[in-house]
1. Considering each residue of the range 67-90, count those that are modelled with pLDDT under 95 and either in contact with a Pro (Cβ under 8 Å, 6 or more places away or on another chain) or open to solvent by 50 Å² or more (accessible area, probe 1.4 Å) (or both), and give that number.
2. So, of the residues in the range 61-90 that are closer than 14 Å to Lys147 by Cα and either in a loop (DSSP other than H, G, I, E, B) or among the hydroxyl-bearing types (Ser, Thr, Tyr) (or both), which turns out to be nearest to the chain's Cα centre (by Cα)?
3. Specify the residue that is nearest to the chain's Cα centre (by Cα); the eligible residues are those in the range 91-100 that are within 19 Å of Gly166 (Cα to Cα) and buried (at least 20 other Cβ atoms within 10 Å of the Cβ).
4. May I ask you to list the residues in the range 40-60 that are over 13 Å from the mean Cα position of the chain (by Cα) and assigned to a loop (DSSP other than H, G, I, E, B)?
5. From Glu145, Glu181, Glu193, which residue is open to solvent by 40 Å² or more (accessible area, probe 1.4 Å) and assigned to a strand (DSSP E or B)?
6. Residue check: is Glu114 surrounded by fewer than 17 Cβ atoms within 10 Å (Cβ to Cβ) and over 18 Å from the mean Cα position of the chain (by Cα)?
Amino acid sequence: MRKLMLFGLFFAGMTILLYGQEEKKETKKWVWIEAEIVKETSFRPNDWMKGDDPEKLSGGDALTHLSSDGQDPNRDEYYAIWEFEVPEDGTYEFWSREGHKGHIKYKWRIDKGEWQISDYDMPYKNSISIGQFRTIGWVNNGKVELKKGKHKLEIVLTGSTSGGTGKDIWGLFDCFLFTQERFQPRGKAKPGEE
């Protein structure tokens, strides 16, 4: 009888412990997208744009574009589309880790929403060199309201280098983050990573 009571107490204790752990599991309040895992794009890839050390990039790779038709009014539209899924309804900050902001201008939207502009003068945080004439850093593109479920992020390159006066069009996207939590950019680290 005593063994049965001890077993009962042990079982009850384990149930409470496991139930308590279940209660503590929280839904991740952010979504990370590797830019190189793109659904559709018309970018013209360029390995030089990725820098000299793939270890500096999230996932060891990036989505790039380089063309010399920046001043051509009849040039192609260079776009990329990613699919992603958010865990819950809410307001998310949209961060992008991208190439030197003085050389990259684009418009972006979620699903079929209004186009937003990421201009040359957007604040560029945690910038590091990835090779001669190439840097990468984080840009906070603002807040978006998202419903739980699947979405599309679309980016269209709209400007040329040197603040719009250059002949080249650059694109370098390493990763994107949609987060409901406070985010402090630290290189390629995801939220909660060192």
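The values are calculated or read from the model by the stated rules, or taken from the named source; none is laboratory data. Every value quoted in this text rests on a predicted model; they were computed, and no experiment measured them. Every residue, glycine as well, gets a Cβ built from its backbone with ideal geometry; the counts of neighbours run over all protein chains shown. Heavy atoms of the whole protein, side chains included, go into the accessibility calculation; ligands, DNA and RNA do not. Shrake-Rupley method; radii C 1.70, N 1.55, O 1.52, S 1.80 Å.
1. 8
2. This residue is Pro87.
3. Glu98
4. Across the range 40-60, the qualifying residues are Ser42, Phe43, Arg44, Pro45, Asn46, Gly51, Asp52, Asp53.
5. Glu145
6. So Glu114 passes the test.
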